[in-house]
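The values are calculated or read from the model by the stated rules, or taken from the named source; none is laboratory data. All values reported here derive from a predicted model rather than from experimental measurement. Here the Cβ positions follow ideal geometry from the backbone for every residue, glycine too, while neighbour counts run over all protein chains shown.
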Amino acid sequence: MDLGLKDRVVLITGGGRGIGRSTALAFAAEGAHVAVLDTDSDAAEAVMQEVRATGLRGVAQRCDITSAEDVGCAIGSVMEQFGRVDVLVNNAGISRDATLLKMKESDWDLVMDVNLKGTFHVTRAVLQQMKDRRWGRVINIGSRSMFGNFGQTSYTASKMAIVGFTRSLSLEQARNGITVNTVAPGFIETEGIKSHVNYPSLREVAIGKNPVGFLGAPEDIANTVAYLASEQARYITGTTVFVTGGRFSS
Ligand code: NDP
């Protein structure tokens, strides 16, 4: 199926590694130009070199999405270079796990700032030009753990909030040719998750609990995001697509 993404301009937050990196490469494979915002500018630049090697345009911007000022500068630069953003993938996300009684306020704030407020900053910065052109796609990365996970009150609250953000924004933009959806991954083996202190045991448990009996790869998420960005997905908005291997519970 031709997804019709050739020459689209796609902006991905946290695209320097993991799911964001795979998403950048999936869009490039479809002929789209890509811009990546990431706190790790070297990683983002390395991904963009891979995109540029295919003959497409790839722009890496160092940006902390918790800062409205950083986001303003980065989006300004992307707009200067591409003139538009057709597809926004709000992928950057973090967790700072602890049970609530042990959770530091600063960790709670950081998770909310990156996962929720960062999404607000970046979406607001690109939305008007999508509305003016009456076409756009906003795809937010949620998480299966929005159903609840031990030790993740902040993370699950932030990801559930993303679902609410998605639903309300989809209604606001439905008449403007802009669709807004959440993709909720299950356990995906990325650098982020591999750096977890309990990674080997987490992995074993996750495989055991997964109905399909294996763990997802970043490409499983990237391919879903690319489909939601396509013209074929024009009637899908305000929803959450679970890419979890059939697992829903904690
Ligand atoms: P990774 O940690 O592997 O990559 C995230 C990227 O985002 C990193 O490059 C990181 O940069 C960047 N980033 C972090 N904070 C910011 C910020 N403030 N501004 C800009 N960029 C930032 O994550 P994953 O690929 O595993 O996850 C991607 C998304 O998918 C997240 O939203 C996550 O919550 C979600 N998800 C992941 C699952 C999984 O199993 N992997 C499961 C369910 C959801 P740096 O290296 O500098 O920190």
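Could you please find all residues in the stretch 63-88 being out of contact with any Asp or Glu (no Cβ under 7 Å at 6 or more places or on another chain), free of Cβ contacts under 8 Å to residues at least 40 places away in the same chain and over 20 Å from ARG8 (Cα atoms)?
GLU69, CYS73, listed by residue number.
Show the residue pairs meeting these rules: Cβ distance below 7 Å; 6+ apart or different chains; first residue within the stretch 195-214 and farther than 15 Å from ARG247 by Cα; second residue hydrophobic (A, V, I, L, M, F, W, C).
The qualifying pairs are HIS196/LEU202; TYR199/ILE193.
Is there a residue being touching a Lys or Arg at 6+ places or on another chain (Cβ under 6 Å) and farther than 19 Å from MET146 by Cβ anywhere in the stretch 228-240?
yes
Scan the stretch 167-216 residue by residue and report those that are within 11 Å of the ligand (Cβ to nearest atom), within 24 Å of PHE120 (Cβ to Cβ) and part of a helix (DSSP H, G or I).
GLY192
Matching residues to (1) within 17 Å of ALA32 (Cβ to Cβ); (2) in contact with a strand residue (DSSP E or B) (Cβ under 6 Å, 6 or more places away or on another chain):
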residue: TYR199; (1), (2): no, no
residue: ASN210; (1), (2): no, no
residue: GLY213; (1), (2): no, no
residue: ALA217; (1), (2): no, no
residue: LEU228; (1), (2): yes, yes
residue: THR239; (1), (2): no, yes
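Might you let me know whether the stretch 104-118 holds any residue that is closer than 28 Å to GLY245 by Cα, in contact with a helix residue (DSSP H, G or I) (Cβ under 7 Å, 6 or more places away or on another chain) and away from the ligand (no atom under 16 Å from the Cβ)?
No - not one qualifying residue is present in the stretch 104-118.
Report whether or not THR153 is more than 29 Å from GLN129 (Cβ to Cβ) and in contact (Cβ under 8 Å) with a residue 40 or more places away in the chain.
yes
Which of the residues belonging to the stretch 156-165 are more than 13 Å from the chain's Cα centre (by Cα) and surrounded by 23 or more Cβ atoms within 10 Å (Cβ to Cβ)?
SER158
Is at least one residue of the stretch 125-142 in contact (Cβ under 8 Å) with a residue 12 or more places away in the chain, of a type outside the set (Val, Ile, Thr) and within 10 Å of the ligand (Cβ to nearest atom)?
Among the residues of the stretch 125-142, at least one is in contact (Cβ under 8 Å) with a residue 12 or more places away in the chain, of a type outside the set (Val, Ile, Thr) and within 10 Å of the ligand (Cβ to nearest atom), which makes the answer yes.
Those residues that are away from the ligand (no atom under 14 Å from the Cβ) and either of a type in the set (A, V, I, L, M) or surrounded by 13 or more Cβ atoms within 10 Å (Cβ to Cβ) (or both), I need them from the stretch 217-246; list them, please.
Residues satisfying the conditions are ASN223, ALA226, TYR227, LEU228, ALA229, SER230, GLN232, ALA233, ILE236, THR237, GLY238, THR239.
What is the one condition in (1) surrounded by fewer than 23 Cβ atoms within 10 Å (Cβ to Cβ); (2) more than 10 Å from the ligand (Cβ to nearest atom) that THR66 does not satisfy?
Answer for THR66: the failing condition is (2).
Pick out, from the stretch 43-142, the strands (runs of 3 or more DSSP E) lying fully within it that include 3 or more residues that are under 16 Å from the mean Cα position of the chain (by Cα) and either modelled with pLDDT of 95 or more or among the aliphatic types (A, V, I, L, M) (or both).
Fully inside the stretch 43-142 and qualifying: 87-90, 136-141.
With the requirement that a residue be surrounded by fewer than 24 Cβ atoms within 10 Å (Cβ to Cβ) and within 7 Å of the ligand (Cβ to nearest atom), what does the stretch 11-29 give you?
ARG17, GLY18
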